[in-house]
1. Calculate how large, on average over all directions, the projected area of the Cα convex hull of the protein assembly as shown is; give the answer in nm² to one decimal.
2. With a 1.4 Å probe and all protein chains kept in place, how much accessible area does B:Y170 have, in Å² rounded to the nearest 10?
3. Give me the net charge of A:S250's neighbourhood, meaning all other residues with Cβ under 15 Å from the Cβ of A:S250; Lys, Arg count +1, Asp, Glu -1.
4. Any idea how far the Cα center of region A:207-224 sits from the one of region B:32-103, in Å?
5. Distance cut-off 32 Å, Cα to Cα: go down the list B:K52/B:K106; B:K86/B:K289; A:K36/A:K59; B:K3/B:K143 and report the pairs above it.
6. Kirkwood hydrodynamic radius, region B:1-154, all distinct C-alpha pairs: what's the number in Å?
7. Residue farthest toward the positive end of the dipole of region B:213-285, with Cβ of Lys/Arg at +1 and Asp/Glu at -1: which of B:V282, B:M239, B:A223?
8. What quantity of accessible surface, computed with a 1.4 Å probe and excluding non-protein components, is buried in total between chains A and B, in Å² to the nearest 100?
Protein chains: 2
Amino acid sequence: MAKEITIYDIANQLQISPATVSRALNNHPAINEKTKVLVNAKAEELGYRSNKFASNLRKQSTSTIGVIVPRLNSYIMSTVLAGMEKIANEEGFNLIISQSLESQKKEIANAQTMFNSRVDGLLVSVAFDTDSFEHFQPFLKKKIPLIFFDRILENNNCPSIVIDNTKAGYEATNHLIQQGRSNILHITGNLQRNVYADRLKGYQQALLENEIPFQKEFLWETALNLEAGKEVAQRIKAMPNRPDALFIASDLCAVACISALKEMGIDVPNDISVVGFNNDPVAQVIAPKLTTIHYPAKEMGEIAVKSMINHLKGTMNLDKTNAITLRSELIVRESSRIIEHSA
Amino acid sequence: MAKEITIYDIANQLQISPATVSRALNNHPAINEKTKVLVNAKAEELGYRSNKFASNLRKQSTSTIGVIVPRLNSYIMSTVLAGMEKIANEEGFNLIISQSLESQKKEIANAQTMFNSRVDGLLVSVAFDTDSFEHFQPFLKKKIPLIFFDRILENNNCPSIVIDNTKAGYEATNHLIQQGRSNILHITGNLQRNVYADRLKGYQQALLENEIPFQKEFLWETALNLEAGKEVAQRIKAMPNRPDALFIASDLCAVACISALKEMGIDVPNDISVVGFNNDPVAQVIAPKLTTIHYPAKEMGEIAVKSMINHLKGTMNLDKTNAITLRSELIVRESSRIIEHSA
DNA sequence: AAATTTAATGCAACCGATTGCATAATAAAA
DNA sequence: TTTTATTATGCAATCGGTTGCATTAAATTT
């Protein structure tokens with residue numbers, strides 16, 4: 001195994017001091033241009049690579065950003081992460097990614113690992129059942145910037161990056177009402193989470209404005225996954241007074257539900273219209289194509305990392321920033337377009 | 001900002017040497033049990049956290065595994081990563097994940113970053129157009145273990161973790177033939193990649209065994225994404241002699257294709273049967289439900305990381321291991337079950 | 001009691017880059 | 001020519017664990 005080249009090797013060969021080599025490599029203004037060229041050439045020649053650990057140790061910073069997500073393998077999260085990775089990579093930062101698998105307990109463990117790994121900043125989208133901020137306190141104490149995205153924790157002075165879930169919920173529901181629906185069942189996730197609570201708010205607001213009473217029997221809290229979609233269909237089938245529309249807070253769940261409903265002979269959109277959420281690719285490959293809310297996942301990831309890096313570099317101070325809200329958009333497709341019954 | 005606690009602080013308070021503290025914290029056998037208890041208690045009390053950089057610097061190892069994937073946000077890859085993260089987390093390893101976005105150029109840059117980050121090991125699934133092994137040589141030179149998974153590079157003595165793509169391709173095709181189909185169009189990705197080349201081999205083998213001539217016009221190389229699926233449908237519609245079956249090397253593409261075919265009035269599975277690949281959740285929520293090959297993505301991720309860690313810890317030597325093949329499985333659903341035309 | 005073995009701890013160098021401060025070299029001003 | 005300002009470089013301490021080797025203390029053997 002070839003010996004690792006250090007700045008001392010370069011210094012020796014050039015008969016200059018390691019300090020100068022270090023400064024030259026970091027493009028320090030006090031170093032003569034010619035020296036820089038010389039050092040860089042020699043570094044190249046010897047196949048030098050900087051030792052990040054020595055550097056981190058000395059600088060007390062890691063150029064690493066921690067990310068905790070509920071799960072890696074959901075359309076939204078993997079897309080957010082794709083956006084994050086893109087920017088981090090461009091900016092010379094590393095990402096350490098971990099998943100809580102929707103469990104606060106794992107989230108706490110992950111936060112601790114991140115803390116011990118001395119990430120320069122932490123980006124978090126919380127688990128279903130997270131009800132404490134405790135495990136994030138160490139970061140605040142050490143002034144490590146903490147940004148929440150998508151599923152946020154409120155009342156803690158941390159900036160957050162979100163879409164306007166209330167507005168989105170309102171638009172989805174209002175659209176269904178405009179299509180002539182009034183018995184709108186809302187399928188959602190854990191209401192402790194802002195994303196679902198806010199969508200519900202929007203839903204209720206739309207009902208209110210249209211003088212449709214809100215019934216809590218028309219609000220179902222589920223896991224919002226594929227299985228939940230199937231179960232929802234079963235339950236609907238068994239209802240004496242079926243709803244005429246569904247607003248489901250996740251496309252995958254919505255699609256599974258539609259699929260099951262169709263198998264039961266219930267027509268979408270004529271018997272029941274459906275609006276999903278996220279604009280998952282799956283939304284446009286099923287029949288009927290799913291009306292949904294476009295969620296700017298990639299952009300969210302990009303902006304989250306960009307904001308974090310700007311803050312770390314001092315280009316932008318996040319302390320005063322409370323929230324960054326991204327634009328979401330209703331995309332109307334077939335699943336909510338009512339076609340008159342033929343014949 | 002509270003000062004960071006070091007082993008020196010612990011040593012001072014306990015009136016012992018930092019060396020003993022270090023050894024006690026690492027559960028070194030030469031240290032007295034009572035001392036260990038004492039040290040650990042004090043560490044806990046002071047809120048000590050180990051400085052990984054100091055440790056890495058000295059130990060010349062990082063407890064970090066690099067992962068390069070084509071994209072983060074595909075069902076298969078995000079699921080593989082979920083499995084990887086799970087095991088890495090359990091074993092106290094960190095993951096640095098980066099995506100090549102199907103470009104060899106980015107893959108090279110990422111490999112370099114990984115190298116400079118001094119990952120202890122590297123896991124790679126190569127981009128569409130990667131045709132060189134050059135960028136991985138530095139790892140071999142430095143004896144940094146390199147494992148390929150899913151999309152592998154051959155002839156380089158690196159272990160790989162794969163499914164038997166040939167067998168899977170054979171089974172998919174043979175199933176279609178058993179259903180009475182013989183004009184089977186194969187939609188695949190870049191044939192430079194083992195996964196697609198092998199599936200094609202299996203496809204050809206099944207044809208051969210059933211004495212169906214292979215026609216190269218029935219082999220289409222595409223991007224295998226949603227858009228490609230739509231285009232495939234268009235092209236099929238325009239064919240004078242349409243195929244009676246499709247074997248598509250990705251579910252998402254297959255589903256998009258089916259959706260488009262249906263819109264054109266072409267019935268699946270009666271006019272054209274379809275078999276996909278991956279067992280993406282989307283496969284079971286469309287109508288007709290998609291016949292596909294189950295791909296053990298989570299397991300692949302878990303085994304990849306597990307193997308890497310075992311190798312690093314010396315528990316298992318990978319030098320002699322050429323390949324680990326995981327079990328895949330044909331899942332028959334409606335898209336390939338031919339129902340007699342009603343009426 | 002002396003010699004030898006075993007167990008537990010400490011010393012000090014080391015990993016490799018960074019940086020405040022001092023200094024040398026050169027240029028500009030007096 | 002001397003003084004002052006400017007530019008470039010070097011010295012040496014520092015970041016915080018880790019580890020080979022030495023040493024001390026305690027236990028065991030002769």
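1. Numbers: hull surface 145.4 nm².
Dividing the Cα hull surface by four gives the mean projection, 36.4 nm².
2. 50
3. Numbers: positive: A:R71, A:R151, A:R193, A:R199, A:K230; negative: A:E102, A:D150, A:D198, A:E221, A:E227, A:E231, A:D251, A:D280.
Its environment carries a net charge of -3.
4. Here the answer is 44 Å between Cα centres.
5. Working: B:K52/B:K106 29 Å; B:K86/B:K289 30 Å; A:K36/A:K59 22 Å; B:K3/B:K143 38 Å.
Flagged as over cut-off: B:K3/B:K143.
6. Numbers: mean 1/r = 0.0556 Å⁻¹.
With all distinct Cα pairs of region B:1-154 included, I get 18.0 Å.
7. My answer, from the dipole projection, is B:M239.
8. Working: alone 17590 and 17580 Å², together 30350 Å².
Interface area, both chains combined: 4800 Å², rounded to the nearest 100.
The values are calculated or read from the model by the stated rules, or taken from the named source; none is laboratory data. Predicted model only: the values in this text are computed from it and were never measured. Cβ coordinates were reconstructed from backbone atoms using ideal geometry, including for glycine residues, and neighbour counts include every protein chain displayed. Surface accessibility is based on the protein's heavy atoms, side chains included, excluding ligands, DNA and RNA. Shrake-Rupley method; radii C 1.70, N 1.55, O 1.52, S 1.80 Å.
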